[in-house]
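The values are calculated or read from the model by the stated rules, or taken from the named source; none is laboratory data. Keep in mind the model is a prediction, meaning the values are calculated, not measured. Note that each Cβ is placed from the backbone with ideal geometry, even for glycine, and that neighbours are counted across all protein chains shown. Heads up: the accessible areas ignore ligands, DNA and RNA and are worked out on the full protein's heavy atoms, side chains in. Shrake-Rupley method; radii C 1.70, N 1.55, O 1.52, S 1.80 Å.
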Amino acid sequence: QVQLVESGGGLVQPGGSLRISCKASGFTFSLYAMSWYRQAPGKEREKVASISKFGSTIEYADSVKGRFTISRDNLRNTVYLQMNTLKPEDTAVYLCSRLAGPVINSANAYWGEGTLVTVSS
């Protein structure tokens, strides 16, 4: 069965950096686009970044553009989110999503449980 397991979250000071990972299993990873979302307490889930199956197409939310970088390693079945210049408003549970197809405008098909990122001094 499809499994998405996020890791790497934690507490980081404002201005700091963190890289989170999502390890996938149960499907052919290289055939599907992937996305990162986040959900802060009391707020709606927000799409942060998406990457197509081979990484040729990438899209970011305006709120993270220039600070976050999404990437994938199809040999390790893992998608990453490198987060730099973190702000307190980046505090959220970050969730990995496998999309239904190879392109980034495909629907969300599966979700991980999430990893908590807290930006605070």
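What the table below lists for this structure:
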item: Of residues in the range 1-38 being open to solvent by 70 Å² or more (accessible area, probe 1.4 Å) and either part of a strand (DSSP E or B) or small (G, A, S) (or both), the one nearest to L116 (Cα to Cα); result: L11
item: Filter pass, S50 being touching a Gly at 6+ places or on another chain (Cβ under 8 Å) and surrounded by 14 or more Cβ atoms within 10 Å (Cβ to Cβ); result: no
item: Selection status of G114, free of Cβ contacts under 8 Å to residues at least 12 places away in the same chain and small (G, A, S); result: no
item: Residue in the range 82-92 that is more than 18 Å from G15 (Cα to Cα) and in contact (Cβ under 8 Å) with a residue 24 or more places away in the chain present; result: no
item: Among (1) of a type in the set (A, V, I, L, M, F, W, C); (2) part of a loop (DSSP other than H, G, I, E, B); (3) modelled with pLDDT of 95 or more; (4) open to solvent by 40 Å² or more (accessible area, probe 1.4 Å), the one test that L86 misses; result: (4)
item: Residue check for S63: assigned to a loop (DSSP other than H, G, I, E, B), surrounded by fewer than 18 Cβ atoms within 10 Å (Cβ to Cβ) and either in contact with a Gly (Cβ under 6 Å, 6 or more places away or on another chain) or of a type in the set (S, T, N, Q) (or both); result: yes
